[in-house]
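Can you keep this structure in mind? I'll have questions shortly.
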Ligand code: MG
């Protein structure tokens, strides 16, 4: 049975007065990620990785930010919908790996909660969902604390 791989990348700006939601987990912070939905950068990268593996386009195609339906959307629900679309296309996720680039706050203590949330929405065991954390070493938009970026890879197989 063939295994297919896809990649995803996303970034969002940090802004005052916004919630910080990453990997489906709300994190106490002074600033949150700005965007049309809840701007969950990690979940968005993961959605693009899954869509990429299945050859189904990208998140903007399925959930356009011009559509009021997706304003303040819970990205975990979008991930769940993508998992269903994959199923309709005859695929199921096998594993997911992601890297989050964030200067602060420190997020490693939320790793297990993120893995659990992402795994539930993807129909995977948490052991098949890995989340890694790095910083920008004070360089670029991540390093200056202007935003957070995420990179993900997913593999899928025939359901
Ligand atoms: Mg996004």
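With Kirkwood's inverse mean 1/r over C-alpha pairs for Rh, give me the Rg to Rh ratio of the chain, two decimals please.
Checking Rg against Rh, the ratio lands at 0.96.
Modelling each spin label as a point 7 Å along the Cα-to-Cβ direction, I'd like the residue 13/residue 85 distance in nm, to one decimal.
2.6
Once the Cα atoms of helix 41-54 and of the chain are each reduced to a long axis, what angle between those two axes, in degrees from 0 to 90 to the nearest 10, is obtained?
20
Taking the 0 to 90 degree range and rounding to the nearest ten, how far is the long axis of helix 111-122 tilted relative to the main principal axis of the chain, both from C-alpha atoms?
It is inclined by approximately 40 degrees.
Using Cα-Cα distances under 8 Å and only pairs 6 or more residues apart, what relative contact order does the chain have, in percent?
33
Go ahead and collect, in residue order, the members of the range 97-118 whose backbone nitrogen is under 11 Å from a label point 7 Å along the Cα-Cβ direction of residue 133.
Within reach of a label on residue 133: 100-114.
Can you give the calculated 222 nm mean residue ellipticity of the chain, where each DSSP H run of n ≥ 4 adds -39,500 (n - 2.57) and the sum is split over every residue, rounded to the nearest 500 deg cm²/dmol? Present the calculation step by step, with values, prior to reporting the outcome.
Values: 5 runs with 48 residues, N = 159.
That calculation yields -8500 deg cm²/dmol at 222 nm.
Read-outs throughout are calculated quantities, based only on the coordinates presented, and are distinct from any laboratory measurement. Keep in mind the model is a prediction, meaning the values are calculated, not measured. For neighbour counting, all protein chains shown are included, and Cβ atoms are generated from backbone atoms with ideal geometry for every residue, glycine included.
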